[in-house]
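Please read the structure below before turning to the comments.
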Amino acid sequence: MIKNLGPYRIIRMLGRGGMGTVYEGVDDETGQRAAIKALPSHLAEDGNFRERFMGEIETLKQLKHPNIVELFGDGEQDGLLFYSMELVEGQTLQDELQAKHVFAWPEVLRIGIEVCQALKHAHDHGIIHRDLKPANLLRTKDRTIKLTDFGIAKLFGATNLTADGSVVGTADYMAPEQAEGRPVSNRTDLFSLGAVMFTLLARRPPFSGGSIPEVLHRLRYDEAPLVRRYAPSVPSELEEIIDQLLKKDAKDRIPTALVLANQLKAMEHGLAAKTAAEHPTSTSEPRLVSPNDQVTRESNYERSPGTEVPPTSIEPKTGQAPADGYSWNDATVVTSDSQAKEIAAQPSSSDTLADPASGPNRFTTFDEQGRRQDRSKDAKSTDVARVAGLVVGLVALLGLVVWGLSPPSADALYNRIAATAHDGDLRDVKPEIERFLATHATDPRASEVNEWLLDIHSQYLFSRLRTRAKRETLTEVQQAFVEAMKLVESKPQDARDRFVEILSKFADAPDEADPITCLQAAQHQLKRLAPQSPRRDQDLDV
């Protein structure tokens, strides 16, 4: 067995599979423990494997976030490529599902928020995860959620590794566009997050089936069920968010991880306050006891046929497993001490390699590790440096306060809103729209900005009513509005006729404002579809 990789002394093997072997190692000089993923030399000579492995390293180098497993460094010894990363103790959410842990909705809400934070960081760096699932989400002993396995992540604009037209991901959590080999976006990850949240609450994926083809068929053609069908205690507000994330058309989903995180945080605060008011003596949800097993997350080893599989396993198992009883899925390594010993006792092709310590070595420590060590060395700075740093910090803080209190100009706000309206999703700039209308109400462009706000309200009403229609009967005016909205993109003239009919037929019908009424939304949509005069010159009377 390999004794050293870079600065790390190998303690034991944690798992292996088609893309390499994972070890636990320790740097005797610093005491740092790490999970080390190594690509055997025979695979390193394969250009495709090597490029994918190096791509995974480059992806992780860009990411530094408390909700993402951290990369420490990478290297090569005698043709053996490897990288070291954070060794995490805890369990994956898949483990918890299989252990029959019951996920309460406040717990799932908090998990969703933390995953959103990880996804926002990745998306801000142009990285789509593409394989978000419970097995790639681990919960540490302090209950922090960490996203793992960026092995099949794709950089926006990259064409040399995973071209559009290929299908990569796990069927139960895959977005329709991904299953069909169409281009993916950050909303692809948000669909997967919706599927994960649904699964945690319902204890079954939204499009479960007896085989992968059946799952993919349902994913493409069936509407997602409502989660309260399986978990009645889930608030309707959370159900509606999950339902919106599971829309077939990516443009109908919540647009960004930031927008979703803000919605979930607002819901968490509002529903917690409501629950506290209704049950002032109630205690918080039961705490999940942390398991005793030490585990490492780097890749997911799934039991193959012939080994015992927990009866509550969620994900279908596919592919031909190797003789050692484990199949590599480029996801998350989860092994207890006993499992690790069992795996380590079995022969491996990489065990026969020469001790890499005797050959030419290369190990590059990730910059952040170096910065962290430098900060440790410089901890005993002089009093003068401390005072200077404090003064600089106070000046910077004062500048931020002054900047935050000074409202942006009307031009700055309008330009950002208009740019998004042209080629983006208006929901991304809803705060800017509301701020423009609150601070620049007399600006001649206010009517146009107000119309954009009505666009958002109309789409929100349409989405909300479609979700409600799954569990209750809509009023006549609500049903008519939904049917008209379905025609806006494909048959705009028919949609206009429907909106005209709504305004005449239901002029006196009672209708709830959510946040606008169906009549107000119908009138707004009618103006949007009008072929004449530019929208900026139209006066709104809704």
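Table: residues versus (1) surrounded by fewer than 16 Cβ atoms within 10 Å (Cβ to Cβ); (2) touching a Pro at 6+ places or on another chain (Cβ under 6 Å); (3) at pLDDT below 80.
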site: 391; (1), (2), (3): yes, no, yes
site: 396; (1), (2), (3): yes, no, yes
site: 406; (1), (2), (3): yes, no, yes
site: 417; (1), (2), (3): no, no, no
site: 426; (1), (2), (3): no, no, no
site: 440; (1), (2), (3): no, no, no
site: 444; (1), (2), (3): yes, no, no
site: 457; (1), (2), (3): no, yes, no
site: 461; (1), (2), (3): no, no, no
Would you confirm, using the coordinates I've provided, whether residue 161 is over 14 Å from the mean Cα position of the chain (by Cα), at pLDDT below 95 and assigned to a loop (DSSP other than H, G, I, E, B)?
yes
Residues satisfying the stated conditions in region 216-238, i.e. assigned to a helix (DSSP H, G or I) and buried (at least 22 other Cβ atoms within 10 Å of the Cβ)
219, 227, 238
Quick check on my filter: what residues within region 444-492 are in a helix (DSSP H, G or I), of a type in the set (Val, Ile, Thr) and within 32 Å of the chain's Cα centre (by Cα)?
449, 456, 467, 482
Output the residues belonging to region 57-69 that are part of a loop (DSSP other than H, G, I, E, B) and in contact with a Leu (Cβ under 8 Å, 6 or more places away or on another chain).
63, 67, 69
Please enumerate the residues belonging to region 463-494 that are exposed (fewer than 15 other Cβ atoms within 10 Å of the Cβ) and touching a helix residue (DSSP H, G or I) at 6+ places or on another chain (Cβ under 6 Å).
none
Criterion violated by residue 511 - all others in (1) in a helix (DSSP H, G or I); (2) more than 33 Å from the chain's Cα centre (by Cα) satisfied
(1)
Report yes if residue 476 is over 30 Å from residue 223 (Cβ atoms) and not assigned by TED's automatic domain parsing to the domain that holds residue 254, otherwise no.
no
From the list 189, 243, 252, exactly one residue is touching a strand residue (DSSP E or B) at 6+ places or on another chain (Cβ under 7 Å) and in contact (Cβ under 8 Å) with a residue 60 or more places away in the chain. Which is it?
189
Test of understanding: among 80, 63, which residue is farther than 19 Å from residue 10 by Cβ and not assigned by TED's automatic domain parsing to the domain that holds residue 138?
63
Restricting to region 129-157, name every residue that is part of a strand (DSSP E or B), of a type outside the set (S, T, N, Q) and modelled with pLDDT of 90 or more.
137, 139, 145, 146, 147
Do we find that residue 100 is out of contact with any Phe, Trp or Tyr (no Cβ under 8 Å at 6 or more places or on another chain), outside any helix (DSSP H, G or I) and at pLDDT 85 or above in this structure?
yes
Single residue of region 78-97 satisfying the filter (in a loop (DSSP other than H, G, I, E, B) and hydrophobic (A, V, I, L, M, F, W, C)) that is farthest from residue 146 (Cα to Cα):
87
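The values are calculated or read from the model by the stated rules, or taken from the named source; none is laboratory data. Not measured: the values here are computed from a predicted model. Ideal geometry is used to build each Cβ from the backbone, glycine not excepted, and the neighbour counts take in all protein chains shown.
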